[in-house]
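Q: One structure, pasted below without further comment.
The values are calculated or read from the model by the stated rules, or taken from the named source; none is laboratory data. The structure displayed is predicted, hence computed values, not measured ones. Reconstructed Cβ throughout: ideal geometry from the backbone, glycine too, with neighbour counts over all protein chains shown. The protein model used for the area step is the full one, side chains on, heavy atoms only, and it has no ligands, DNA or RNA in it. Shrake-Rupley method; radii C 1.70, N 1.55, O 1.52, S 1.80 Å.
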Amino acid sequence: MKPLIHFVHGKESGPWGTKIRYLANIAEKMGYDVESLNYSSTTDPEIRVGMLVDACRKRPADYLVGSSMGGWVAMTASASIPVKGLFLLAPAIDIPGYPPYRLGCPGNAIEIVHGWRDSLIPAANVIRFSQNTLCTLHLVDDEHRLKNRLAQTGHYLTSFLERMKE
(Lines give C-alpha, C1' and ligand atoms only; values in the text may rest on other atoms or scores of the structure.)
Protein backbone atom coordinates (compact mmCIF):
# COMPACT_ATOMS: atom_id res chain seq x y z
CA MET A 1 0.00 0.00 0.00
CA LYS A 2 1.27 3.47 -0.87
CA PRO A 3 1.87 6.01 1.90
CA LEU A 4 -1.06 8.39 2.43
CA ILE A 5 -1.17 12.17 2.55
CA HIS A 6 -4.32 13.78 3.95
CA PHE A 7 -4.98 17.29 2.66
CA VAL A 8 -7.00 19.53 4.99
CA HIS A 9 -8.68 22.55 3.40
CA GLY A 10 -9.31 25.92 4.99
CA LYS A 11 -12.41 27.38 6.57
CA GLU A 12 -14.08 28.67 3.42
CA SER A 13 -12.52 26.53 0.72
CA GLY A 14 -13.26 23.00 -0.39
CA PRO A 15 -11.58 19.62 -0.48
CA TRP A 16 -10.27 19.93 -4.04
CA GLY A 17 -9.49 23.62 -4.45
CA THR A 18 -6.68 24.88 -6.66
CA LYS A 19 -3.87 24.46 -4.07
CA ILE A 20 -4.92 21.00 -2.98
CA ARG A 21 -5.38 19.74 -6.55
CA TYR A 22 -1.97 21.12 -7.53
CA LEU A 23 -0.14 19.70 -4.51
CA ALA A 24 -2.03 16.38 -4.59
CA ASN A 25 -0.94 15.90 -8.20
CA ILE A 26 2.69 16.35 -7.14
CA ALA A 27 2.24 13.89 -4.27
CA GLU A 28 0.64 11.29 -6.53
CA LYS A 29 3.50 11.58 -9.02
CA MET A 30 5.88 10.96 -6.10
CA GLY A 31 4.06 7.71 -5.26
CA TYR A 32 1.65 8.79 -2.53
CA ASP A 33 -2.07 8.16 -2.18
CA VAL A 34 -4.00 11.32 -1.38
CA GLU A 35 -7.23 12.02 0.50
CA SER A 36 -9.07 15.26 1.06
CA LEU A 37 -12.18 15.23 3.21
CA ASN A 38 -14.94 17.78 2.83
CA TYR A 39 -15.06 19.77 6.08
CA SER A 40 -17.48 22.43 4.81
CA SER A 41 -20.36 21.10 6.94
CA THR A 42 -18.82 22.89 9.95
CA THR A 43 -16.62 25.87 10.72
CA ASP A 44 -15.76 24.50 14.18
CA PRO A 45 -12.08 23.56 14.07
CA GLU A 46 -12.43 20.98 16.88
CA ILE A 47 -15.18 19.14 14.98
CA ARG A 48 -12.93 19.13 11.92
CA VAL A 49 -10.14 17.60 14.01
CA GLY A 50 -12.54 14.82 15.03
CA MET A 51 -13.46 14.19 11.40
CA LEU A 52 -9.79 13.88 10.43
CA VAL A 53 -8.93 11.65 13.40
CA ASP A 54 -11.87 9.36 12.53
CA ALA A 55 -10.72 9.12 8.90
CA CYS A 56 -7.18 8.28 10.02
CA ARG A 57 -8.47 5.47 12.24
CA LYS A 58 -9.80 3.80 9.09
CA ARG A 59 -6.57 4.34 7.17
CA PRO A 60 -3.64 6.00 8.92
CA ALA A 61 -2.07 9.00 7.22
CA ASP A 62 1.67 9.34 6.88
CA TYR A 63 1.56 13.11 6.36
CA LEU A 64 -0.94 15.91 6.84
CA VAL A 65 -1.00 18.97 4.59
CA GLY A 66 -3.18 21.74 5.95
CA SER A 67 -4.07 25.20 4.70
CA SER A 68 -5.24 28.07 6.95
CA MET A 69 -7.80 26.58 9.39
CA GLY A 70 -6.78 23.25 7.88
CA GLY A 71 -3.27 23.93 9.17
CA TRP A 72 -4.63 24.34 12.69
CA VAL A 73 -6.68 21.16 12.23
CA ALA A 74 -3.66 19.20 10.96
CA MET A 75 -1.44 20.43 13.81
CA THR A 76 -4.04 19.60 16.44
CA ALA A 77 -4.90 16.22 14.91
CA SER A 78 -1.20 15.30 15.01
CA ALA A 79 -1.47 15.25 18.81
CA SER A 80 -3.98 12.36 18.52
CA ILE A 81 -2.76 10.45 15.48
CA PRO A 82 0.82 9.49 14.72
CA VAL A 83 2.02 11.11 11.50
CA LYS A 84 5.52 11.43 10.10
CA GLY A 85 5.20 15.12 9.30
CA LEU A 86 3.15 18.26 8.71
CA PHE A 87 3.28 20.57 5.71
CA LEU A 88 1.35 23.74 6.53
CA LEU A 89 0.21 26.59 4.29
CA ALA A 90 -0.60 29.88 6.04
CA PRO A 91 -1.66 27.98 9.17
CA ALA A 92 -4.14 29.58 11.56
CA ILE A 93 -1.78 29.92 14.51
CA ASP A 94 -2.74 32.02 17.55
CA ILE A 95 -5.91 33.41 15.97
CA PRO A 96 -8.57 34.96 18.23
CA GLY A 97 -11.55 32.65 18.62
CA TYR A 98 -9.57 29.48 17.96
CA PRO A 99 -8.76 27.13 20.84
CA PRO A 100 -5.07 26.65 21.56
CA TYR A 101 -3.55 24.22 19.07
CA ARG A 102 -2.06 20.93 20.16
CA LEU A 103 0.96 19.47 18.45
CA GLY A 104 2.25 15.93 18.09
CA CYS A 105 5.06 16.41 15.57
CA PRO A 106 8.56 17.56 16.38
CA GLY A 107 9.76 20.75 14.72
CA ASN A 108 12.10 18.94 12.33
CA ALA A 109 9.02 17.19 10.85
CA ILE A 110 7.12 20.44 10.20
CA GLU A 111 7.47 22.75 7.23
CA ILE A 112 5.46 25.95 6.71
CA VAL A 113 4.87 28.25 3.73
CA HIS A 114 3.43 31.64 4.67
CA GLY A 115 2.89 34.92 2.86
CA TRP A 116 4.50 38.10 4.14
CA ARG A 117 1.37 40.01 3.09
CA ASP A 118 -1.13 37.63 4.71
CA SER A 119 -3.89 39.88 6.08
CA LEU A 120 -5.72 37.07 7.94
CA ILE A 121 -2.88 35.39 9.82
CA PRO A 122 0.00 37.68 10.78
CA ALA A 123 3.42 36.45 9.71
CA ALA A 124 4.59 37.28 13.25
CA ASN A 125 2.40 34.48 14.65
CA VAL A 126 3.97 31.93 12.33
CA ILE A 127 7.49 33.25 12.90
CA ARG A 128 7.01 32.93 16.67
CA PHE A 129 5.68 29.36 16.29
CA SER A 130 8.59 28.47 14.00
CA GLN A 131 11.14 29.85 16.45
CA ASN A 132 9.56 27.91 19.31
CA THR A 133 9.41 24.59 17.42
CA LEU A 134 12.55 25.06 15.30
CA CYS A 135 10.61 24.02 12.19
CA THR A 136 11.35 25.06 8.61
CA LEU A 137 9.60 28.27 7.56
CA HIS A 138 9.38 29.72 4.06
CA LEU A 139 8.16 33.33 4.01
CA VAL A 140 7.17 34.39 0.51
CA ASP A 141 5.97 37.60 -1.11
CA ASP A 142 2.30 36.67 -1.32
CA GLU A 143 -1.01 36.90 0.48
CA HIS A 144 -3.03 34.37 2.47
CA ARG A 145 -4.08 32.14 -0.42
CA LEU A 146 -0.50 31.83 -1.74
CA LYS A 147 -1.96 31.80 -5.27
CA ASN A 148 1.04 33.61 -6.78
CA ARG A 149 3.51 31.13 -5.28
CA LEU A 150 1.84 27.83 -6.14
CA ALA A 151 4.75 26.43 -8.16
CA GLN A 152 7.21 27.46 -5.45
CA THR A 153 4.99 25.83 -2.82
CA GLY A 154 4.98 22.67 -4.94
CA HIS A 155 8.79 22.68 -4.93
CA TYR A 156 8.77 23.06 -1.15
CA LEU A 157 6.36 20.12 -0.81
CA THR A 158 8.56 17.97 -3.06
CA SER A 159 11.70 18.76 -1.06
CA PHE A 160 9.85 18.24 2.25
CA LEU A 161 8.66 14.77 1.22
CA GLU A 162 12.12 13.88 -0.09
CA ARG A 163 13.73 15.06 3.15
CA MET A 164 11.25 13.09 5.24
CA LYS A 165 12.19 9.85 3.41
CA GLU A 166 15.81 10.14 4.62
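Q: How big is the Rg/Rh ratio for region 76-166, C-alpha atoms only, Rh by Kirkwood, two decimals?
A: Details: Rg = 12.9 Å, Rh = 13.5 Å.
Value, to two decimals: 0.95.
Q: Right, here's the next one. Using the heavy atoms of the protein chains and a 1.4 angstrom probe, tell me the accessible area per residue for the chain in square angstrom. If you can, show how the numbers build up before the last one.
A: Numbers: 7840 Å² over 166 residues.
Here the residues of the chain average 47 Å² of exposed surface.
Q: Under 17 Å Cα-Cα from Lys147, which aspartates and glutamates qualify once same-chain neighbours fewer than 8 residues away are excluded?
A: Hits, sequence-local ones excluded: Glu12, Asp118.
Q: Additional query: What is the ratio of the Cα radius of gyration of the chain to 2.2 N^0.38 Å, where N is its residue count, to two decimals?
A: 0.92
Q: Could you state the principal axis extents of the C-alpha atoms in region 94-140, from the largest down, to the nearest angstrom?
A: Sorted from largest, the Cα extents of region 94-140 read 27, 26, 12 Å.
Q: Related question: In the Gaussian network model of the chain, springs joining C-alpha atoms below 10 Å, which of His144, His114, His155 carries the largest mean-square fluctuation?
A: Largest GNM mean-square fluctuation: His155.
Q: Carbon and sulfur: what percent of region 30-166's accessible surface (1.4 Å probe)?
A: With neighbouring chains kept in place, the figure for region 30-166 is 52 percent.
Q: When the scattering of region 55-108 is computed by the Debye formula from its Cα atoms alone, each counted once and equally, what is log10 I(q)/I(0) at q = 0.12, 0.15, 0.23, 0.28 Å⁻¹?
A: -0.24, -0.37, -0.83, -1.14
Q: Right, something else. When we measure straight from the Cα of Lys29, which lysines land under 18 angstrom away, once same-chain ones fewer than 8 places off are left out?
A: Lys2, Lys19, Lys165
Q: Something else now. Taking the mean number of other Cβ atoms within 10 Å as a proxy for protection, how do you rank 130-142, 44-56 from highest to lowest?
A: The peptides rank, most packed first, as 44-56, 130-142.
Q: Let me ask you something else. Based on Cβ point charges of +1 for Lys and Arg and -1 for Asp and Glu, what charge dipole magnitude is obtained for region 27-166 about its Cα centre, in debye rounded to the nearest 20?
A: 120
Q: Loop-only check: which trypsin sites (Lys or Arg not before Pro) in region 111-166 are DSSP coil with at most 13 other Cβ within 10 angstrom? Let's see the in-between values first.
A: Working: sites: Arg117, Arg128, Arg145, Lys147, Arg149, Arg163, Lys165; in loops: Arg117, Arg145.
Of the trypsin sites (Lys or Arg not before Pro), the ones in loops of region 111-166 whose Cβ has at most 13 other Cβ atoms within 10 Å are Arg117.
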